[in-house]
Amino acid sequence: MDAARKYKMGEKASWLVKLHWTQYVSLDPFGAYLLACSHGWTTQAKDAAQSLLGGTIQEIEVSYSPSMEDMSTQHYHRLLTYHARCSTAIFSAGSATTTWLDVKARKMMLCRHSVYYDMDNVAGWVAPAITRAVVILLPRPSPRTIKEAIASAVLVTLIQETKCGSCSFPSAYATFGDSIARKVQQLIDAVRGSLYQFGTVLTVYS
Ligand SMILES: [Zn+2]
């Protein structure tokens with residue numbers, strides 16, 4: 001059975017798949033992406049592509065198989081391009097505290113003993129934690145990445161090594177994670193909005 005036929009389905013089946021789309025995407029984002037592309041479901045394809053940001057680009061590459069050839073390599077290359085563009089957006093955002101944390105979040109992270117003196121007197125752990133968070137996010141540019149146990153363990157360890165007795169932590173850590181995740185979402189939304197449009201030719205990426 002070729003891939004095109006495998007992924008084709010009737011109207012009723014399509015309706016059912018769309019109804020359970022969120023679950024399907026979380027179970028098999030790459031399969032969901034291919035299915036959405038083959039049916040021209042733009043929103044669903046974008047959602048699946050976004051879910052794949054939670055993994056590395058190498059993970060997407062190993063998911064690819066020759067049996068998908070007739071799924072249009074263009075969709076596959078768009079996926080890789082989208083993933084790379086999202087990583088670039090994270091990288092380009094830099095690691096300034098004011099970029100990743102809004103005023104409200106920064107107010108949660110004050111420390112009177114801050115060695116990183118700035119107008120907000122943000123706690124000393126904030127700057128190194130942001131730098132580390134960006135490094136963690138580059139290969140997997142998804143809001144999910146920063147919420148995962150592994151990322152949290154790395155960041156919490158770093159913060160415990162760099163904070164002082166007056167730093168507000170761990171209550172501030174939840175706010176920190178939420179702010180970073182929100183910023184990641186903004187950055188990848190911008191990529192999705194401006195670059196990831198079906199029906200446009202591939203040359204728009206060059
Ligand atoms: Zn402190």
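The values are calculated or read from the model by the stated rules, or taken from the named source; none is laboratory data. These numbers come from a predicted model, not from an experiment. With ideal geometry, Cβ positions are generated from the backbone for all residues, glycine too; neighbour counts draw on all protein chains shown.
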Subset tally (residues that are away from the ligand (no atom under 13 Å from the Cβ) and touching a strand residue (DSSP E or B) at 6+ places or on another chain (Cβ under 7 Å)) for the range 99-114: 1
Please identify the pairs in which a residue from the range 77-103 that is part of a helix (DSSP H, G or I) has its Cβ atom under 9 Å from the Cβ atom of a residue that is of a type in the set (S, T, N, Q), counting only partners at least 6 apart or on another chain. Tyr82/Gln50; His83/Thr56; Cys86/Gln50; Cys86/Ser142; Ala93/Thr99; Trp100/Ser179
Just name the residue that is nearest to the ligand (Cβ to nearest atom) out of those in the range 161-172 that are surrounded by 12 or more Cβ atoms within 10 Å (Cβ to Cβ) and outside any loop (DSSP other than H, G, I, E, B). Thr162
Being at pLDDT below 85 and over 13 Å from Ala172 (Cα atoms) is the filter here, so list the residues in the range 108-133 that pass it. Arg112, His113, Ser114, Val115, Tyr116, Tyr117, Asp118, Met119, Asp120, Asn121
Exactly one of (1) at pLDDT below 95; (2) surrounded by 12 or more Cβ atoms within 10 Å (Cβ to Cβ) is unmet by Leu27. Its number? (2)
Could you tell me whether the range 126-137 includes any residue that is more than 25 Å from Glu59 (Cβ to Cβ) and either not in a helix (DSSP H, G or I) or not assigned by TED's automatic domain parsing to the domain that holds Leu101 (or both)? no
From Ser38, Ser72, Ser65, residue being over 23 Å from Ala151 (Cα atoms), in contact with a Phe, Trp or Tyr (Cβ under 9 Å, 6 or more places away or on another chain) and of a type in the set (S, T, N, Q): Ser38
Among the candidates Ala96, Ala129, which residue alone is farther than 30 Å from Leu35 by Cβ, within 16 Å of the ligand (Cβ to nearest atom), hydrophobic (A, V, I, L, M, F, W, C) and under 23 Å from the mean Cα position of the chain (by Cα)? Ala129
